[in-house]
Amino acid sequence: MSTVQEIAARKAGTVGFHRAVPRLARDPLGALVGFAEQAGGEVVRVNLGAFRPYLVSNPAHVQHVLRDNAANFTRDGKGMLWRSVKRLFGEGILAEGQVWAASRNTLQPLFTAKRVDALVDGLAAAVHESVARLDEPARAGTVVDMGTELSTIVCGAIMRVLFADKVTVPEALRIVEAQNTIATAIVFRLVVPFVPNAVPMPGDRPFRDAVQQIDDILLPIVRTARERGGDGNDGDDIISTLARAVDAEGRPIDERQARNDTVAMFATTTETTFGVLTWLWPILQAHPHVAERLYEEVDRVVGDGPITRAQLGELTYTKMVLEELLRLYPVGWLIPRVSVADDVVGGVHIPAGSDLLASPYITQRMATFWDRPDEFDPDRFASPRAERRHRYAHYPFGGGPHQCLGQYLFYLEAQLIVATILSRFRFRLADPAIPEPQVAASLRPKTKVELTLLPRDRALI
Ligand code: HEM
């Protein structure tokens with residue numbers, strides 16, 4: 001930091017302990033949006049006693065932290081979320097430094113637009129098969145738990161096209177269950193991140209058991225692939241790719257890193273997608289005009305046949321609905337960083353070693369940056385309104401060097417799933433209320449989304 005900047009920089013405003021704690025305890029997400037809003041989008045410090053993170057909400061400030069000066073804001077294992085996350089994912093694609101760079105080099109080529117486009121037919125076939133299984137409960141009028149159904153649909157598709165069926169769907173669903181346990185067990189440490197790992201906390205035991213359950217399934221698969229060497233590992237699925245992976249010096253990565261990246265890629269390719277799509281149904285029931293436009297688009301573009309890559313490009317309103325869904329319910333809601341050296345963000349001095357918190361949930365719900373922020377309105381993403389917005393006003397996939405690898409895949413896969421379901425069914429929710437978000441490592445509905453599906457010829461809504 002230059003002397004001129006130092007002179008110009010001011011200390012951050014602070015939300016005091018006695019104001020912050022009760023509000024966070026009552027409604028953590030609402031409280032964080034409120035603190036950022038009251039600071040007018042300036043960087044503000046939240047005093048939680050031993051833990052005092054800086055809240056970064058202004059899109060220009062978010063850009064500085066995640067992209068422009070990303071080297072100074074790392075996912076250091078000493079930082080709040082990362083310490084917990086590291087206990088599951090260890091060193092690899094979700095870490096930092098050289099190991100992260102090697103993992104990113106290995107995995108990024110799997111998710112280029114060209115490669116993902118080539119997966120669409122396989123994805124479409126797998127999604128079609130899973131969605132067809134819903135005909136039976138639909139005909140019988142049985143209530144289904146949409147979260148569970150979507151996780152089965154996503155796991156069926158992803159295990160086939162990204163894991164080459166090396167992880168079976170029942171195994172995948174057991175891992176998803178363990179991930180659910182972890183996402184909520186981690187909360188105890190998230191809210192008091194200054195407690196050392198050596199001090200036992202509630203949630204530790206279920207966390208450890210769930211990690212063990214994941215390792216019991218994935219480690220033997222990783223080992224078998226590595227033992228096989230070149231033989232049978234020439235595919236471009238995630239397991240084969242990691243079995244061939246090398247570090248920066250060209251040496252094969254060790255088993256631990258292969259395990260860490262497998263666990264990370266399993267989590268990022270599954271729970272994110274079905275997590276977001278679970279919110280769609282209560283939102284559509286509450287906004288029938290949006291639902292009707294979606295049905296109209298799906299009927300016009302897709303018809304009866306299997307969905308093709310070209311058709312996905314025409315599902316523009318479906319894409320806007322997904323973008324708006326990710327504005328209100330960004331599954332990766334927490335993007336914490338730790339500052340390496342002193343810096344100035346939005347005129348505020350940030351000392352070295354500070355915790356910073358950027359959150360798409362916060363920025364994307366602030367009246368300072370969004371008109372009618374609590375209203376669900378996919379037309380915000382119509383051209384040219386969308387282009388006029390700051391790149392970091394809507395950043396559900398993060399940005400900069402750690403930008404999500406799966407953004408392109410997510411939109412294609414989610415369009416496919418939504419279009420396939422809507423082309424076959426209408427639906428009615430048992431409870432039309434939109435669930436509250438649950439604070440966990442990823443954003444998820446607090447209550448189940450249960451609904452009745454109805455074959456299209458017996459329309460309900
Ligand atoms: C709705 C779906 C998704 C959302 C909202 C989401 C969100 C995010 C966010 C916010 C980050 C940045 C983390 C940070 O900066 O610290 C990230 C990173 C990442 N995402 Fe996603 N993600 C989604 C789906 C996926 C999918 C389908 C994949 C599959 C490839 C994926 C793979 C990754 C990976 C590997 C990283 C780490 C990248 C790195 O640090 O180099 N994500 N994601």
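No lab work stands behind these numbers, since they all come straight from the coordinates. Being a predicted model, the structure only gives us computed values, none of them experimental. Quick reminder, even Gly has a Cβ in these numbers, built from the backbone with ideal geometry, and neighbours come from all protein chains shown.
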Please return the longest range in the chain lying between exposed loop sites, taking GluC sites (Glu not before Pro), DSSP loop only, at most 13 other beta-carbon atoms within 10 Å, and leaving the sites out. 1-248
Cβ-based exposure ranking for 55, 110, 277, in which fewest neighbours within 10 Å come first: 110, 55, 277
Between residue 201 and residue 368, 0.36 nm times their residue separation minus their Cα-Cα distance comes to what? 56.3 nm
Packing-based exposure ordering (other Cβ within 10 Å, fewest first) of 238, 221: 221, 238
So in the chain, what percent of DSSP beta bridges are antiparallel if you round to the nearest 5? 75 percent
Per the 1/(1 + (r/R0)^6) rule, R0 = 41 Å and r from the Cβ atoms of residue 431 and residue 296, FRET efficiency to 0.05 is 0.95
Cα to Cα, under 13 Å, and not fewer than 8 places away if on the same chain: which aspartates and glutamates meet these conditions relative to residue 11? 42, 342, 343
With label points built 7 Å along Cα→Cβ from the Cα atoms of residue 168 and residue 407, find their separation and express it in nm. 3.8 nm
For residue 50 and residue 212, compute 0.36 nm times the residue count separating them, minus their Cα-Cα distance, and round to one decimal in nm. 55.2 nm
Can you list, largest first and rounded to whole Å, the semi-axes you get for region 74-144 by taking the square root of 5 times each eigenvalue of its Cα gyration tensor? 38, 21, 7
Spatially proximal lysines relative to residue 166 (Cα-Cα < 29 Å; intrachain offsets below 8 disregarded): 86, 114
Taking trypsin sites (Lys or Arg not before Pro) as exposed when DSSP calls them loop (any state but H, G, I, E, B) and at most 16 other Cβ atoms lie within 10 Å, what is the longest stretch of the chain free of them, the sites themselves excluded? 134-388
Region 175-248: chymotrypsin sites (Phe, Trp or Tyr not before Pro) in DSSP coil with no more than 16 other Cβ atoms inside 10 Å: 194
Taking a point 7 angstrom from the Cα of residue 323 along the C-beta vector, which residues in region 399-415 have backbone N less than 14 Å away? 408, 411-412
Stretch gain in nm, segment residue 71-residue 256, where the contour uses 0.36 nm per residue and the Cα spacing is subtracted: 64.1 nm
By counting other Cβ atoms within 10 Å of each Cβ, how are 44, 187, 199 ranked from fewest to most? 199, 187, 44
Which value in deg cm²/dmol, rounded to the nearest 500, describes the helix-derived mean residue ellipticity at 222 nm for the chain, given -39,500 (n - 2.57) per DSSP H run of n ≥ 4 and division by the residue count? -16000 deg cm²/dmol
Using alpha carbons only, how many angstrom separate the centre of region 405-461 from the centre of region 128-187? 13 Å
Out of all Cα-Cα pairs in region 3-443, roughly what percent, to the nearest whole number, are more than 34 Å apart? 34 percent
